Amino acid sequence: MAMAQTYDLTRGNPTKLILTFFFPMLFTNMLQQIYSIADTAIVGKGLGDDALAAVGNMSSLTFLVIGFSIGLTNGFSILTAQYYGAGNQKNLRRSVASAILLAFGMTALLTIVSMLFLRQVLLLLQTPEKIMQDSLTYGYVIFGGLAASIAYNLCASILRALGDSKTPFYAIVVSTVLNIILDSLCVFVFKTGVGGPAAVTVLAQVVSAAICFQKLRHIELIRVTREDFRNIGSMILNLLKNGIPMAIMNSITAVGCMTVQYFVNGMGVVYTSAYSACSKYINLFMQPACTAGYTMSAFTSQNYGAKQYDRILSGLKVCLSIAALSYILLGSFMVLFPRLLASLMLNGSEQIELAAGFLVKCGFMIFTVDFLFVFRSGCQGMGKPMLPMVSGVVEMAFRILVIALFIGKIGFDATVYAEIAAWVGALTLNAGAFTYYILQKTHGNRVPICSVALKSSDR
């Protein structure tokens, strides 16, 4: 009975299994991004471009903190999925118990640090004075509610490790509808300012976490007891070995984005609001490929635990096909309709023109980050988190180098070239690493000599 509540990805047709897992998760991620777009549009249209700039100014900092927690929980779930694929029920429960303890500690630490240093970081980002107070208000509410976000991400990552992508989808459907309705009421009816949408975001995360937790409670296979919390020091270390590199990777990426935000803020509020709108659309249009990456991670983890290495290659082909289709459809939309997209969020003609130029250029090259998600997740699913972390350093270096060198020469266009350079550099590393790791498993020691250099970078 318990097994009916989980989903084994180690047996059956890979394409069918991947698509069954992929679509609920895609709808989940798209709904989250659509809410983010709707939230931005509501703030922009209801409170003005300055309020939008304040909320957008917080996006890279929010990603730094929340992205760190997402990286940790996703890293924890890699081991959970591997134990599930291997049929090791004892370690499966112990991994869940250890992840719960670590999540509590992480919540306390991140909440305290983010609340204490919010103002100082905003000052370092050259936040314009006219949007400082709104940025602080939004940030304090979001970071004060980190427990809800971490609870949802932990519960959702455990469910996906067990092959269940549907429950997180149902949770996000409910929270998204709740979000949009309450956001509109806060902005247009109650005139709460940016604090209202921030509070609604936290409330929606509480609801989504509760729905996922309720499902987990009814899965007998992972029902932990006091015994599962005993002598788990080695398990905690193994979870951290997977989780910390993924968390650091997200944080390093966020630091690169914050550096770009620093330079954009220095150009003025007009550029800050345009960049905010662009970031929202990029995050939305990369979601199908990002979801293919999460799917690749779950599929790879279970099959790696079951030593079904050839199936991992079959999964790679399906996930890369999804990423390619996403690029053809959504990349074309960005290239063909950039001004329409920009005008949905922004009011000023100058902001719209800046955003439109950004979207066209990114639309042509977004395939690089689409493929990056798949290869990087494949490496992580095999329990190889170090090289993806190194690729995060490469992403950050390229973003900082390009924006610093070219913003004085070509202005706002430097932001899009910084993104593209970061994507290309990280894709190159992760595609090479995945090729090395999978050949090592499927062909033993008969690995091309040119791949050996990658081995040292994962130590």
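The values are calculated or read from the model by the stated rules, or taken from the named source; none is laboratory data. Every value quoted in this text rests on a predicted model; they were computed, and no experiment measured them. In this analysis, Cβ positions are derived from the backbone assuming ideal geometry, glycine residues included, and neighbour counts consider all displayed protein chains. Please note that ligands, DNA and RNA were not included when accessible areas were found on the heavy atoms of the full protein model with its side chains. Shrake-Rupley method; radii C 1.70, N 1.55, O 1.52, S 1.80 Å.
For this structure, a couple of remarks:
- Within the range 303-335, restricting attention to residues that are free of Cβ contacts under 8 Å to residues at least 60 places away in the same chain and among the polar types (S, T, N, Q), the residue that is surrounded by the most Cβ atoms within 10 Å (Cβ to Cβ) is Ser326.
- Taken together, the residues in the range 179-192 that are in contact (Cβ under 8 Å) with a residue 40 or more places away in the chain and open to solvent by less than 50 Å² (accessible area, probe 1.4 Å) amount to 4.
- Scanning the range 129-139 for any residue that is within 30 Å of Gln302 (Cα to Cα), modelled with pLDDT of 95 or more and open to solvent by 10 Å² or more (accessible area, probe 1.4 Å) turns up nothing.
- Within the range 193-217, considering residues that are farther than 12 Å from Tyr138 by Cβ and among the polar types (S, T, N, Q), the one least open to solvent (accessible area, probe 1.4 Å): Ser208
- The one condition in (1) in contact with a Phe, Trp or Tyr (Cβ under 9 Å, 6 or more places away or on another chain); (2) open to solvent by 30 Å² or more (accessible area, probe 1.4 Å); (3) more than 24 Å from Val374 (Cα to Cα) that Phe23 fails to fulfil: (3)
- Hits in the range 71-94 (condition: under 14 Å from Met382 (Cα atoms) and small (Gly, Ala, Ser)): Gly75, Ser77, Ala81, Gly85, Ala86
Yes/no matrix, rows are residues, columns are (1) in contact (Cβ under 8 Å) with a residue 24 or more places away in the chain; (2) open to solvent by 60 Å² or more (accessible area, probe 1.4 Å); (3) farther than 16 Å from Cys278 by Cα:
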{"position": "Phe337", "(1), (2), (3)": "no, yes, no"}
{"position": "Arg376", "(1), (2), (3)": "yes, no, yes"}
{"position": "Pro385", "(1), (2), (3)": "yes, no, yes"}
{"position": "Ser391", "(1), (2), (3)": "yes, no, yes"}
{"position": "Met396", "(1), (2), (3)": "yes, no, yes"}
{"position": "Lys409", "(1), (2), (3)": "no, yes, yes"}
{"position": "Ile438", "(1), (2), (3)": "yes, no, yes"}
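- Of the numbered criteria (1) closer than 24 Å to Phe169 by Cα; (2) open to solvent by 20 Å² or more (accessible area, probe 1.4 Å), the one Phe299 fails is (2).
- The range 140-165 - residue that is in a helix (DSSP H, G or I) and polar (S, T, N, Q) and, of those, farthest from Ser301 (Cα to Cα): Ser149
- Contact map, the range 99-121: residues that are outside any helix (DSSP H, G or I) and of a type in the set (D, E, K, R) paired with residues that are open to solvent by less than 40 Å² (accessible area, probe 1.4 Å) and at pLDDT 95 or above, Cβ distance under 7 Å, separation 6+ or inter-chain. No pairs are found.
- Annotation: of all residues in the range 218-237 being more than 28 Å from the chain's Cα centre (by Cα) and open to solvent by 90 Å² or more (accessible area, probe 1.4 Å), the one that is nearest to Ser157 (Cα to Cα) is Glu220.
- Meets criteria (open to solvent by 30 Å² or more (accessible area, probe 1.4 Å), in contact with a helix residue (DSSP H, G or I) (Cβ under 9 Å, 6 or more places away or on another chain), in a helix (DSSP H, G or I) and touching a residue at least 12 places away in the same chain (Cβ under 8 Å)) for Phe63: yes
- Those residues of the range 202-232 which are at negative phi and of a type in the set (S, T, N, Q), in sequence order: Gln205, Ser208, Gln214, Thr225
- Residue check for Thr6: closer than 27 Å to Gln89 by Cα, modelled with pLDDT under 80, out of contact with any His (no Cβ under 6 Å at 6 or more places or on another chain) and β-branched (Val, Ile, Thr): yes
- Leu125 at negative phi, surrounded by fewer than 24 Cβ atoms within 10 Å (Cβ to Cβ) and touching a residue at least 40 places away in the same chain (Cβ under 8 Å): yes
- The set of residues in the range 199-245 that are closer than 17 Å to Gln89 by Cα, in contact with a helix residue (DSSP H, G or I) (Cβ under 9 Å, 6 or more places away or on another chain), part of a helix (DSSP H, G or I) and not charged (D, E, K, R) comprises Leu216, Leu221, Ile222, Phe229, Met235, Ile236, Asn238, Leu239.
- In the range 238-283, the qualifying residues are those that are out of contact with any Gly (no Cβ under 8 Å at 6 or more places or on another chain) and of a type in the set (S, T, N, Q), and the one that is surrounded by the fewest Cβ atoms within 10 Å (Cβ to Cβ) is Asn283.
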